[in-house]
1. Treat each spin label as a single point 7 Å out from the Cα along the C-beta direction, and report the F9 to L58 distance in nm.
2. Figure the gain on full extension for F95 and R70 (residue separation times 0.36 nm, minus the Cα-Cα span) and round it to one decimal in nm.
3. In what sequence do R50, R70 fall when counting other Cβ within 10 Å, fewest first?
4. As a footprinting exposure proxy, order L93, L39 by other Cβ within 10 Å, with the fewest listed first.
5. Given Cα pairs under 8 Å that are at least 6 residues apart, what percent is the relative contact order of region 2-118?
6. Given points 7 Å out from each Cα along the Cα-Cβ axis, report the L20 to V35 separation in nanometres with one decimal.
7. Would you order D101, D81, D87 from fewest to most other beta-carbon atoms within 10 Å of each residue's own beta-carbon?
8. Take the alpha carbon gyration tensor of region 2-118, find the square roots of its eigenvalues, order them as a ≥ b ≥ c, and report rounded if a/c is under 1.5; if not, report prolate when a/b exceeds b/c, else oblate.
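What follows is calculated from the coordinates using simple rules that are stated; it is not laboratory data. Everything numeric in this text was worked out from a predicted model, so none of it was measured. Glycine gets a Cβ as well: all are built from the backbone with ideal geometry, and neighbour counts include every protein chain shown.
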Amino acid sequence: MLSFLADYFLVSIPSGVAGLAAPRSTALEAGLGVVTFALLVHNRWYLGGRGQSWGKKLMATHLHKEASGRPIGTWMSFVRDVCHLLDALPCFLGFLWPLWDGRRQTFADKLVGTVVTPAETPLPEPLAPNWQAPGRTEGAA
């Protein structure tokens, strides 16, 4: 839930500030709508392919298929978002469900077969001992 709020604020605050800074115009509102939509689509694409949206990265969590442990893919990321509408229907009970569920899943996670777990943060690979910048030769100044 916190990662969703982080995603929401990362997209909506810059759009809101830009909207307040300029006088009302239909072109500006349409442009902000397009930018917001593009950011949301990018975030779903990133979540589906890598298992982390910007909010999940910030909260150090990872979304993956429960059965395989692999990312769910872009399409299933969108399907999961639509399924979150079911989480909201019974007084937002589905969003609270992870508080007492053993696997900490929302209704949408159960329907799509996903689980959110703490992210594993791999260490970056060290540079090779004799590494040099491309195009440079040994001894060049």
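1. Placing both labels 7 Å beyond Cα along the Cβ direction yields 0.6 nm.
2. Numbers: separation 25, 0.36 × 25 = 9.00 nm, distance 2.30 nm.
Result: 6.7 nm gained on full extension.
3. Ranking R50, R70 by Cβ neighbours within 10 Å, fewest first, gives R70, R50.
4. Least to most surrounded, the residues fall as L93, L39.
5. Working: 137 pairs, mean separation 26.7, N = 117.
Relative contact order, region 2-118: 23 percent.
6. That separation, rounded to one decimal, is 1.5 nm.
7. Ranking D101, D81, D87 by Cβ neighbours within 10 Å, fewest first, gives D101, D81, D87.
8. Verdict is prolate for region 2-118.
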